[in-house]
1. Under a point spin-label approximation (7 Å from Cα along Cα-to-Cβ), what is the K38-K168 distance to one decimal in nm?
2. Per residue, what accessible area does the chain have, given a 1.4 Å probe and all protein chains present, in Å²?
3. Want the number for D212 to E160: 0.36 nm per residue separation, take away the alpha-carbon distance, what's left?
4. Contact order normalised by length for segment 41-176, with contacts defined as Cα pairs under 8 Å and 6 or more residues apart; what percent is it?
5. How large is the accessible surface of H44 in square angstrom, using a 1.4 angstrom probe and rounding to the nearest 10?
6. Count charges around K135 for me, please; just the other residues with Cβ under 15 Å from its Cβ, Lys/Arg as +1, Asp/Glu as -1.
7. What does the C-alpha gyration tensor say about the overall shape of the chain? Classify as rounded when a/c is under 1.5, otherwise prolate if a/b is larger than b/c, or oblate.
8. Exactly which trypsin sites (Lys or Arg not before Pro) in segment 84-165 are in a DSSP loop and have at most 13 other Cβ atoms within 10 Å?
Amino acid sequence: MNKTERIIPAQESVYLDGPKPRINELGFAWQIFRQFIKGFRTLHFVGPCITVFGSARFKEDHPYYQQAVAVGKKIAELGFTTMTGGGPGIMEAANKGAYENGGQSVGCNIKLPFEQYPNPYMHKWITFDYFFIRKVLLVKYSYAFIIMPGGFGTMDEFFETLTLAQTKVINDFPIVLLGKDYFQPLLDSIDDMAKHGTISPEDKKLIFLTDDVDEAMNYIKTYVKKNYKVRPRRRLWWLFEKR
């Protein structure tokens with residue numbers, strides 16, 4: 001591959017490409033505002049949610065895909081909405097498990113030139129242009145987070161959610177790593193961080209590691225039942241909020 005060739009082709013307007021004319025910056029800020037408002041209006045009444053993160057690359061015959069289907073089913077049985085990044089792989093599988101078992105299934109999709117397309121197992125979804133908007137919405141409506149095996153994107157979502165809980169920007173909602181073999185090297189690295197003093201030993205308590213879907217769901221159920229009473233949000237007719 002040529003050194004100058006982009007793996008992900010850039011859009012015409014590259015928002016991380018240094019200062020632009022002020023009118024361009026204003027247009028970019030307005031675009032962000034519009035996407036946030038559209039996201040808020042689309043997802044305001046979908047909760048309470050449990051967000052499932054994971055790779056887009058696993059196919060239907062992969063054990064991780066099949067486990068994610070079971071996760072979506074269990075979330076539906078708890079009465080929660082399954083929220084994902086809206087794409088294929090583990091995201092599709094979790095949405096599918098909820099969708100086919102009477103649960104609500106929603107997604108926050110992202111525009112990419114490869115891999116990412118809205119999967120067919122969602123009752124409602126929204127597609128974003130920017131990762132940072134998408135990540136805010138994936139966290140905003142959820143009371144728990146399940147991280148399944150994935151790549152850079154999944155790790156980005158995991159560590160951002162973990163940082164928000166560590167710094168008390170969000171409440172310390174359950175953060176479950178599902179897949180001991182896959183995540184153990186990562187947990188070893190986190191132990192090494194604590195050893196070097198870059199995190200506190202207590203920070204690791206924010207993470208629950210398991211291989212068992214039922215154990216993961218019982219952990220989430222116990223925490224939410226103990227700490228929260230979730231009520232449906234009231235729709236306001238004067239804001240044109242429809243059922």
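1. Each label point is offset 7 Å from its Cα along the Cβ direction, giving 3.7 nm.
2. 59 Å²
3. Working: separation 52, 0.36 × 52 = 18.72 nm, distance 2.40 nm.
In short, 16.3 nm is gained.
4. On the way: 299 pairs, mean separation 36.8, N = 136.
Relative contact order, segment 41-176: 27 percent.
5. H44 has an accessible surface of roughly 70 Å² with all protein chains in place.
6. Neighbour charge sum, excluding K135 itself: -1.
7. Values: a/c = 1.40, a/b = 1.14, b/c = 1.23.
Because its axes are fairly even, with a/c under 1.5, the chain counts as rounded.
8. On the way: sites: K96, K111, K124, R134, K135, K140; in loops: K111.
In loop regions of segment 84-165 (DSSP not H, G, I, E or B), the sparsely surrounded trypsin sites (Lys or Arg not before Pro) are K111.
The values are calculated or read from the model by the stated rules, or taken from the named source; none is laboratory data. The structure displayed is predicted, hence computed values, not measured ones. Cβ coordinates were reconstructed from backbone atoms using ideal geometry, including for glycine residues, and neighbour counts include every protein chain displayed. Calculation scope for accessible area: heavy atoms of the full protein, side chains included, ligands and nucleic acids excluded. Shrake-Rupley method; radii C 1.70, N 1.55, O 1.52, S 1.80 Å.
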